[in-house]
Amino acid sequence: MSAPFLLILRIGMTLSLYIFMGWAFLLLWRNFKTQSELLTSRKTPPITITYSGLDKKQKTKHFRTPEITLGRDPHSEIHLENETVSAHHARLSYHHGQWWLEDLNSKNGTTLNGEKLKTPTIILGNDEIRCGKMPLTIYLSTTDLSANTQAL
Amino acid sequence: MDISSKKHLFPFSTLFLGLYSLILSLSPALRARSWDVDYLYAHWLGFFTWLFLNWLAEKHLDAKIPDRDPYLFPLASLFSGWGLLTIWRLLPNFGLRQSLWLALSVTVMLLGLRWRKIFITLRRYKYILLSSGLLLTALTLIFGANPLDIEPRLWFNFGGIYLQPSELLKLLLVIYLSAYLADRVPIRNKFFPLIFPTLFLGGIALLLLVVQRDLGTASILVMLYASILYIATGRKRVLLGNAIILLAIGFFGYHFSQTIHTRLAIWLSPWDDPSGFGYQIIQSLMAIANGGLWGRGAGIGSPLFVPVAHSDFIFTAIAEETGLAGTLGLLTLFGIFLSRSMIIALRAPNRFQRILASGLTAYLGIQSLLIIGGNLRLLPLTGVTLPFISYGGSSLLTSYLALLLLLKISNESEGSTPPPFLWSTRPYHLLTAILLIGLITSALLNGWWAVVRGPDLLTRSDNPRRAQADFYVPRGNILDRNNAEINITTGESGNYLREYLYPELSSVVGYTNSVYGQAGIESSLDGYLRGLDGNPATLVWWNNLLYGQPPNGLNLRLSLDIGLQEDVDERLSKHKGAVVLVNAESGEILVMASHPTFDANEFDDSLLNEEDSPLLNRATQGRYPLHQTLDTLFDAPPVQIRLPFAESEEGFVSPLEMAMVAAALSNEGISPAPRLALAVDTSQSGWVILPALGETASLFSAADAEQLIATFSSDEEAYWQILSTQEDEENLTWLLAGTPANWSGTPLALAILLEENNPVLAEEIAQALLSSAP
């Protein structure tokens, strides 16, 4: 009879749908695991920034977050009180194992070691940044950085 | 990202669709229960088209966008393959067209991969894009057509190829809104100046769709607009406002717009009008119920009973043929698809692409939920398509364009630039949660209709599958007490036919008809005749699993004696009335005649309206007044008994009831329970006696009964007889008769009713039946 044979085929069809689904879930799980492992291994290396604060005094700040905004906006991590600095002037961010500096379409531009910044650029230790007319100096913990770079 | 992983998914989707095609090919054999049939091959063209396009797309995608999300394309490809084969199964002509549309859609997607600056262009020309979409939609007001040549006319007809611009309009609106909001939101100025242009353009689009009566697309547009605005601004008020607007539209529409009122009324109470407005949705629920847990198998269900199964109701068709198991898989895969595209949105390299990706997710998610929910009566029905799956070129093309954009965004997010800063992840979480909750609710409701309510739905008389099963499963025969055939099944599987060998009994034994339903014994003992009762539960379950049909029906034996019956029918043939002859001791009905009668072999509409009511079984359903003489007979000394029904029925009785009174007189005052169906022939234990229809009742004392019939016995005949005629507007003749108390043979009792004043005929019949009594 055709019916039992077709029943086997029907069971096979439903099974293959569920294997497809199960496989998709397995891949998602693997993907999730590698992503989370990558994230735990990718700690942000500490960064130290020296700049002149509100009262014209030199200020030094340490960060362990992967994103730092610079600008005249009081909510910026580095609040630069100067008329040549835009509200959201520039951004420092850590990804792909490097610190990147990016200009946020500021009015007076950002320079890195004297050169005008056009695209997001990798920064190294002791680089000098200028937002408008405000200079900043960056120190990176090089040991952490190299360890991470190798890990990737 | 691991590109190799996605390669593992294709063998399984290929296997799944290959098995689907194989089952579909073999399905005619199962239907006919024989290998000697015409197998189906045409849909393999669809399968191989899908396979080739899949291979082609994979090759190009790997070359052009190797870093794309690895799940999106395999999922979309499974959806479109599943939809394509389902359409082939439903309507092969449409399957061929859909294969061509799939080829076109995949080609357009692959060509789109070469367009590097696609996002820059889309962002720059957002107004032109949306305006052209609006213009095209507006043009359908003038040049609109409909493939079925009815309203609404939402399509353009290019020599037989129909395009629906409102499908594209949804996509263009998403692009426009994302581009506009990505440019404006960071400035964060006041809310209403911000959204004013979008409100204006969105309003025009909405107005166009409302004028076009494309309410499904209109409601998607409203929800899509709110979702994108919420994603871009993060203001919850937007969602709240959207809900209020939709409810308000629903409320006012219910009271002032006929179209919306009808849609909502169907949704709220489809059972009020199951053959009219509620027909489509109730047929849809029955199809889902027929699918049950495991489904009927490709090509083996009957999804075509649901109107437009290939487009609006394709989810129902899938539910019937692959069951809850299949739809749960489908809904889960939709869930994975939507979650992945939301992840793409979060990882997108810039604000425009992020809003765009979430807008596309909302578009695909909302549209899927609207139509799946509509099929399941979770939501009012809106005639929109199920993305990737439903029949429709414009819909498929639009789905693939959305897929192209999502794939490209996912590929770019793996580049060097970090994803832009996110103010709050809440809008993304909330939107994803709403879509996933919608899918889960659909799955639960699907289970409710398929498993919990399924059995009830399938036994509804408007389930066309019951009548269809009658063509494939032999129904039990109905025999008389000497095994002479009365109603039998003839023909062979696929063409089984009910034949009524003794047509005069049509009003008594009844009929079963695919158009007119069932009556009489055919209706009251349908369970045995259909094989659902009397067979072992495992056999019923197994047959349902294999064929979706009950096992072979069981034969029934009635107490009627065709020899006696023929005699009575001949005498009664030109008259109106009823005759019931019973065995006074056992209650078995030997003769039950009702005239005028009809021939169930030649059923037609005219019978329903005939003045003489031939369909009525006068012996059991006819209610006649008792004459004064007959009524007071039992009330007069020395007996003084009132008939049990004389008071309750206000003196109206059926001939069968009077026959049982006569039986009590001939049986020492005890009225036996009447029996018409004696036994059923089960496969396991042979003939099994069926229970009687009522209970034995003691009506008179034996002495009273004896005294009463002694009054009415005559010298010429061996039996007693009460004859009562009355000449008034009713003009009825009643005759009760029976064997005397000390009768040595089979005790018989008889009731005759004639709808005319004709004591001669009544006496003739009584004599014919009783004088020859053994």
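Laboratory data are not the source of any read-out in this text; all were calculated from the coordinates shown. As the structure is a computational prediction, the values presented were derived from the model and not from experiment. So basically every Cβ, Gly included, is an ideal-geometry build from the backbone, and we count neighbours across all protein chains shown.
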Compute the signed sum of charges (Lys and Arg +1, Asp and Glu -1) over the other residues within less than 15 Å, Cβ to Cβ, of B:R296. +4
Quick shape check on the stretch B:64-157: root eigenvalues a ≥ b ≥ c of the Cα gyration tensor, a/c under 1.5 is rounded, otherwise prolate if a/b tops b/c, else oblate, and it reads oblate
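Given B:K126/B:K190; A:K57/A:K107; A:K116/B:K408; A:K56/A:K107, which pairs have Cα atoms separated by over 27 Å? Working shown, then result.
Numbers: B:K126/B:K190 22 Å; A:K57/A:K107 25 Å; A:K116/B:K408 31 Å; A:K56/A:K107 22 Å.
Over 27 Å apart, Cα to Cα: A:K116/B:K408.
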With both bridge residues required to lie in the stretch A:30-124, what share of the DSSP beta bridges run antiparallel, to the nearest 5%? 90 percent
Report, largest value first, the span of the C-alpha coordinates of the protein assembly as shown along each principal axis, in whole Å. 141, 56, 55
So, over other residues within a Cβ distance under 11 Å of B:N482, counting Lys, Arg +1 and Asp, Glu -1, the net charge is -1
In degrees, nearest ten, helix B:759-770 long axis to first principal axis of chain B (Cα): 90 degrees
Range of Cα positions in the stretch B:493-558 per principal axis (Å), largest first: 38, 25, 18
Nearest 500 deg cm²/dmol is fine: what mean residue ellipticity at 222 nm does the protein assembly as shown get from its DSSP H runs of n ≥ 4 alone, each adding -39,500 (n - 2.57), divided by its residue count? -16500 deg cm²/dmol
Within chain B, which is the longest segment that contains none of the chymotrypsin sites (Phe, Trp or Tyr not before Pro) sitting in a DSSP loop with at most 15 other Cβ atoms within 10 Å? B:126-420
Taking placed amide H atoms and a strict 5 Å upper bound, the residues 5 or more places from B:G278 or on another chain that come that close are B:D273
Could you compute the FRET efficiency for B:L693 and B:L545, with r as their C-beta to C-beta distance and R0 at 41 Å, rounded to 0.05? 0.75
Given 4 °C and 1.567 mPa s, how large is the Stokes-Einstein diffusion coefficient of the stretch B:646-716 in µm²/s, with Rh as the Kirkwood radius over Cα pairs? 90 µm²/s
Expressed in nanometres to one decimal, the distance between label points 7 Å along Cα→Cβ at B:L45 and A:A87 is 6.3 nm
Please report B:D599, A:D103, B:D681 as a ranked list, fewest other C-beta atoms within 10 angstrom at the top and most at the bottom. B:D599, B:D681, A:D103
Taking amide H positions as placed in the peptide plane 1.01 Å from N, state which residues far from B:V653 in sequence (5 or more) or on other chains have amide H under 5 Å from it. B:Y624, B:L626
Hey, got the dipole for the protein assembly as shown? About the Cα centre, +1 on K and R Cβ, -1 on D and E Cβ, debye to the nearest 20? 10680 debye
Dipole of chain B, positive end: most advanced residue of B:F48, B:N667, B:P474 [Cβ charges, Cα centre]: B:F48
Report the label-to-label distance for B:T746 and A:E77 in nanometres (one decimal), using points 7 Å from each Cα along the Cα→Cβ vector. 10.4 nm
Would you mind checking which residues have amide H under 5 Å from A:S52's amide H? H placed 1.01 Å from N; only 5 or more apart, or other chain. A:K59
Efficiency of FRET from Cβ geometry, B:T425 and B:I204, R₀ 41 Å, rounded to 0.05: 0.80
With N denoting the number of residues in chain B, provide Rg(C-alpha) divided by 2.2 N^0.38 Å, to two decimal places. 1.30
State the dimensionless ratio Rg/Rh of the stretch B:347-487 (Rg: radius of gyration of Cα atoms; Rh: Kirkwood radius). 1.28
Distance from the Cα centre of the stretch B:671-708 to that of the stretch B:217-240, in angstrom? 71 Å
I need the Kirkwood Rh of the stretch B:410-547: take the reciprocal of the average 1/r across all distinct C-alpha pairs and report it in angstrom. 19.7 Å
At a temperature of 20 °C and a viscosity of 1.002 mPa s, determine how fast the stretch B:1-138 diffuses translationally according to Stokes-Einstein, using the Kirkwood radius over alpha-carbon pairs as Rh; express D in µm²/s, rounded to the nearest whole number. 124 µm²/s
Efficiency of FRET from Cβ geometry, A:N113 and A:K56, R₀ 25 Å, rounded to 0.05: 0.60
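What percent antiparallel are the DSSP beta bridges of the stretch B:464-565, to the nearest 5? If you can, show how the numbers build up before the last one.
Values: 8 of 10 bridges.
Taking every DSSP beta bridge with both residues in the stretch B:464-565, the antiparallel ones total about 80 percent.
What is the mean number of Cβ atoms from other protein chains located within 10 Å of the Cβ atom of each residue in peptide B:293-300, rounded to a whole number?
Counting other chains' Cβ atoms within 10 Å and averaging over B:293-300 gives 3.
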Report the extension gain between B:S132 and B:L104 in nm, rounded to one decimal, defined as 0.36 nm multiplied by the number of residues separating them, less their alpha carbon distance. 7.9 nm
Compute the long axis of helix A:2-41 from its Cα atoms, compare it with the longest principal axis of the Cα atoms of chain A, and write down the angle in degrees, 0 to 90, nearest 10. 20 degrees
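Could you grab the Rg to Rh ratio for the stretch B:218-371? Cα atoms only, Kirkwood for Rh.
Looking at the stretch B:218-371, the ratio lands at 1.05.
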Could you run the Karplus curve 6.51 cos²θ - 1.76 cosθ + 1.60 with θ = phi - 60° over the stretch B:525-538 and give me ³J(HN,Hα) per residue in whole Hz, x for Gly and Pro? 10, 4, x, 6, 5, 8, x, 7, 9, x, 8, x, 4, 5
Placing +1 on each Lys and Arg Cβ and -1 on each Asp and Glu Cβ in the protein assembly as shown, then taking the dipole about the Cα centre, the residue among B:T425, B:V568, B:V582 whose Cα reaches farthest towards the positive end is B:T425
